[in-house]
Amino acid sequence: MKKAEIFINGDKLYEVPVIIDNMGGHSLDITNLRKDTGFITYDPGFGNTGSCRSSITYLDGEKGILQYRGYPIEDLVESCDFVEVAYLLVHGYLPNLVERRKYADMLNQHSLLHPQMRDFFKNYPDHSHPMSILAAMSVSLQSFYPEIDLAEDPEKQMDLNVTRLLSKMRTIAAFTYRKLIGMDFVNPNYKYSYCENFLNMMFSSPVKKYKANPVHAKALNKLLILHADHEQNCSTTAVRLIGSSEANLYAAVSAGICALWGPRHGGANQAVIEMLQQILESGESLEKIVERAKDKDDPFRLMGFGHRVYKTYDPRAKIARSMCDEVLADLGTSDPLLDLAVKLEEVALNDSYFIERNLYPNVDFYTGIIFRAMGIPTNMYTVMFALGRLPGWIAHYLEWNHDPYEKIGRPRQIYTGPQPKKVLPIDQRE
Ligand code: ACO
């Protein structure tokens with residue numbers, strides 16, 4: 001076994017075991033560091049911390065590689081639908097025809113919501129953010145449906161819980177949209193595919209016959225696949241952390257939804273479109289916008305740019321960028337926001353600040369343009385991201401559940417508060 005050594009002022013403190021992963025990546029195993037030496041490590045934002053062992057997703061941020069269970073994202077987007085990829089993430093292999101059909105049947109069987117859950121929607125104010133409703137509904141599922149019990153027939157339980165969540169969250173997302181625009185709910189329909197069913201629940205109208213546009217359904221499939229997993233990102237780490245306390249799957253997923261909501265994470269897709277709209281309306285030059293993003297005294301950042309792990313073009317952003325052209329061309333429309341985004345990308349990528357810091361468009365930079373083309377409103381974009389990320393969250397929750405190394409997540413801290421003090425009687429305090 002390889003070992004590294006830690007020295008303090010020339011004196012050897014510790015020998016650290018080195019772990020080498022399946023792709024040749026090296027890690028220092030500091031599990032016993034505090035026990036053996038009294039030292040802890042400090043790593044705000046966990047930029048250098050491996051929190052678990054995982055076989056779900058591999059990404060190389062320097063080379064722009066992303067693989068789910070060994071399959072390149074580019075191949076999965078081209079050759080599979082979202083349900084197959086969800087199966088792959090959760091089970092570890094792509095389904096055959098029989099398994100795929102069984103999964104489709106289960107998705108249909110579990111697509112309806114309990115009537116009492118339907119009533120919840122009524123009491124949300126019309127200005128609610130859909131992510132708040134999604135998170136609350138997710139954790140509420142625990143009150144209506146039995147929890148995952150992996151001890152009893154694990155394969156069956158896993159399929160049951162996974163298809164239940166995948167299917168019901170799709171219904172919840174569409175009902176949320178209908179509630180916020182004041183329209184009656186449309187129930188899921190067995191005759192449609194996963195994505196067609198969602199579009200039908202979103203856009204069916206009592207006055208005009210609706211049929212989901214196949215271009216939209218195909219694009220939605222691809223977008224959901226692009227979002228399906230991304231190893232230990234903020235929301236997945238939240239899911240694993242909540243799961244580590246042995247909280248139930250629905251609670252852990254609800255925490256993932258809350259973490260995703262923030263504009264530094266999945267909320268960036270909404271923020272990108274709002275930023276582009278503001279630039280268009282204000283008529284401000286793109287050079288000025290980029291200058292503002294660089295100014296440390298200005299809180300403004302270029303939304304949809306930068307990533308903790310990608311130091312080159314995010315492979316998902318590359319796919320989303322080419323999808324924008326395909327979807328708009330198929331629909332025979334154009335979008336001034338796409339033209340603006342392309343120009344903004346060009347200005348930023350030629351600026352030394354962005355070059356030096358390796359800041360490239362991330363997945364959220366172009367996806368909003370595609371959601372817009374489908375008629376999905378801006379405040380629903382992060383909900384769409386959540387629907388895509390759901391199988392990833394579930395796969396990580398289940399992986400944690402089977403992990404022989406698992407422990408409750410409980411980091412240490414560097415204390416910066418006062419020294420111990422005496423409590424004075426109230427009449428003696430300043
Ligand atoms: N605009 C301007 N400057 C930026 C941007 C940006 N979008 N992103 C990073 N930087 C700068 C930082 O100011 C910092 O500069 P410095 O070294 O001079 O201090 C440097 O680049 C490194 O950035 P950090 O914030 O340290 O990088 P970190 O890995 O912590 O953050 C994050 C990554 C949160 C994604 C960041 O790039 C960001 O806020 N981007 C905009 C929001 C966004 O698009 N989020 C979606 C990410 S993808 C996803 O989660 C699905």
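The values are calculated or read from the model by the stated rules, or taken from the named source; none is laboratory data. What you see is a predicted model; the values in this text were computed from it and never measured. Ideal geometry is used to build each Cβ from the backbone, glycine not excepted, and the neighbour counts take in all protein chains shown. In case anyone asks, the SASA skips ligands and DNA or RNA and just uses the protein heavy atoms, side chains included. Shrake-Rupley method; radii C 1.70, N 1.55, O 1.52, S 1.80 Å.
Points worth noting:
- Mean separation of Cα contacts under 8 Å, 6 or more apart, over the residue count of the chain: relative contact order %: 19 percent
- Close Lys pairs in segment 233-370, defined as Cα atoms under 20 Å apart and 8 or more places apart or on different chains, number 5.
- Think of segment 339-430 as having a plus end and a minus end, set by charges on the Cβ of Lys, Arg, Asp and Glu; of VAL383, PHE371, LEU398, LEU398 sits farthest toward the positive end of this dipole.
- Charge dipole (debye, nearest 20) of the chain; +1 at Cβ of Lys and Arg, -1 at Cβ of Asp and Glu: 820 debye
- Here PHE144 and ASN9 are evaluated by their C-beta separation; at R0 = 56 Å the FRET efficiency comes out at 0.40.
- Choice from LYS12, LYS122, LYS288 with maximal GNM fluctuation in the chain (Cα, 10 Å cutoff): LYS12
- Long-range tail of P(r) for segment 3-59 (Cα pairs > 18 Å, %): 43 percent
- Here the Gaussian network model covers the chain, with springs between Cα atoms less than 10 Å apart; of VAL18, VAL253, VAL290, VAL18 fluctuates the most.
- Simple point charges give the picture: +1 on the Cβ of Lys and Arg, -1 on the Cβ of Asp and Glu, and for segment 185-257 a dipole about the Cα centre of about 560 debye.
- When the alpha carbon coordinates of segment 72-143 are projected onto the principal axes, the ranges are 43, 26, 17 Å, largest first.
- Couplings 3J(HN,Hα) for segment 407-424, derived from phi with the Karplus relation 6.51 cos²θ - 1.76 cosθ + 1.60 (θ = phi - 60°), are 9, 5, x, 7, x, 9, 9, 9, 6, 10, x, x, 6, x, 10, 8, 7, 8 Hz, where x marks Gly and Pro.
- Based on the reciprocal of the average 1/r between different C-alpha atoms, the Kirkwood radius for segment 358-430 equals 18.3 Å.
- With the convex hull of the Cα atoms taken as the outline of segment 103-181, the averaged projected area works out to 5.3 nm².
- Kirkwood-Stokes translational diffusion coefficient of segment 230-368, alpha-carbon pairs, 10 °C, 1.306 mPa s, µm²/s: 97 µm²/s
- Between helix 336-349 and the chain: long-axis angle, C-alpha atoms, 0 to 90°, nearest 10: 20 degrees
- Contour minus Cα-Cα distance for LYS422 and ALA329 (0.36 nm per residue): 26.3 nm
- Across segment 305-322, computed HN-Hα scalar couplings (Karplus, 6.51 cos²θ - 1.76 cosθ + 1.60, θ = phi - 60°) run 10, x, 7, 4, 9, 7, 10, 9, 4, 4, x, 6, 5, 4, 5, 4, 4, 6 Hz from first to last residue, x flagging Gly and Pro.
- Solvent-accessible area of the chain (1.4 angstrom probe, protein heavy atoms only): carbon and sulfur portion equals 52 percent.
- Averaging 1/r over each pair of different alpha-carbon atoms in the chain and inverting the result gives 23.6 Å, the Kirkwood hydrodynamic radius.
- Between GLU430 and LYS2, the simple label model (points 7 Å from Cα in the Cβ direction) yields a spacing of 5.5 nm.
- Where the chain is the region considered: accessible area per residue in Å², 1.4 Å probe: 52 Å²
- Alpha-carbon centroids, segment 39-111 and segment 248-294: separation in whole Å: 24 Å
- In order along segment 86-97, the phi-based Karplus estimate (6.51 cos²θ - 1.76 cosθ + 1.60, θ = phi - 60°) of 3J(HN,Hα) comes to 4, 4, 4, 5, 7, 8, x, 9, 6, x, 8, 4 Hz; Gly and Pro are listed as x.
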